[in-house]
1. Can you list the equivalent-ellipsoid semi-axes of the chain, largest first and in whole Å, using the square root of 5 times each Cα gyration tensor eigenvalue?
2. Any chance you could check the Cα centroid distance between segment 34-102 and segment 152-179 for me, in angstrom?
3. When you have a sec, figure out the Kirkwood radius of segment 2-135 from all distinct Cα pair distances and drop it here in Å to one decimal?
4. Where does each of 93-104, 178-189 land if you order them by average Cβ count within 10 Å, highest first?
5. If eta is 1.306 mPa s and T is 10 °C, what Stokes-Einstein diffusion coefficient results for segment 60-116, Kirkwood Rh from Cα pairs, in µm²/s?
6. Please build a GNM for the chain, connecting alpha carbons under 10 Å apart, and tell me which residue among 128, 15, 155 fluctuates the most.
7. Using only helices, what value at 222 nm comes out for the chain when you add -39,500 (n - 2.57) per DSSP H run of length 4 or more and divide by the total residues, to the nearest 500 deg cm²/dmol?
8. Between helix 199-209 and the chain, what is the angle of the helix's C-alpha long axis to the longest principal axis, kept within 0 to 90° and rounded to the nearest 10?
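Here, each number is a calculation from the coordinates, and none is a lab measurement. This structure is a prediction, so every number in the text was calculated from the model and none was measured. Using ideal geometry, Cβ is built from the backbone for each residue, glycine included, and neighbour counts are taken over all protein chains shown.
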Ligand code: SF4
Ligand code: SF4
């Protein structure tokens with residue numbers, strides 16, 4: 001038996017999951033703003049996992065282990081090929097990023113028409129199958145206040161918000177990362193409160209030091225701070 005676990009929690013105008021299912025098993029009650037709901041009967045075709053832009057769907061394969069000790073979880077993965085941890089043990093996480101346990105990446109599925117997304121099949125303990133939503137890509141340092149003894153002239157901190165050192169950025173560049181959005185996702189520079197105001201230019205200099213031509217680099221997508229406001233709030237109340 002196979003079924004999707006849909007972790008979609010935001011009522012936003014999004015519905016590729018609905019159209020992706022060849023058996024129309026994913027529906028929305030009222031409008032495109034409603035949360036998707038799944039009805040039994042999954043074929044395991046993986047279209048919904050491949051097409052959900054929010055990476056919000058995993059597929060659980062229940063019949064993977066006749067002894068019922070392990071299950072297979074399919075999850076989307078959007079980093080470069082070199083970083084696919086095929087055959088490796090990974091630390092699995094839940095939706096909030098909390099550690100769930102261990103898993104093993106046993107297979108990778110690709111689709112010709114979807115060039116940047118791969119689907120990874122991760123073997124996990126049976127008890128974890130509904131919790132696992134992702135896994136750690138890198139062991140990253142962040143969280144503690146910046147102190148004098150953390151300064152290191154040989155390996156300076158480039159992103160002060162997230163405490164990302166130069167060596168971490170160089171490592172990703174040498175692994176083939178050219179998209180600064182991807183760099184942000186794997187190593188966290190520009191992820192903090194300043195939104196990359198300080199580190200973006202420094203990172204571009206590091207790319208240059210590493211001999212990467214500017215035309216190969218994809219600049220980060222700047223996302224302004226936004227909050228949804230009802231139109232009525234703009235109307236002057238008397
Ligand atoms: S895996 Fe395929 S059949 Fe199953 S819910 Fe997703 S799109 Fe539908
Ligand atoms: S496609 Fe993904 S993000 Fe969009 S509504 Fe469906 S589950 Fe949610």
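1. 34, 26, 17
2. Each part's Cα centre sits 29 Å from the other's.
3. 15.2
4. Values: 93-104: 14.6, 178-189: 19.9.
Ranked from most to least packed, the peptides come out as 178-189, 93-104.
5. Values: Rh = 13.1 Å.
Once the numbers are plugged in, D ends up at 121 µm²/s.
6. So, out of 128, 15, 155, the one fluctuating most is 155.
7. Numbers: 5 runs with 38 residues, N = 238.
Result for the chain: -4000 deg cm²/dmol, rounded to the nearest 500.
8. It is inclined by approximately 80 degrees.
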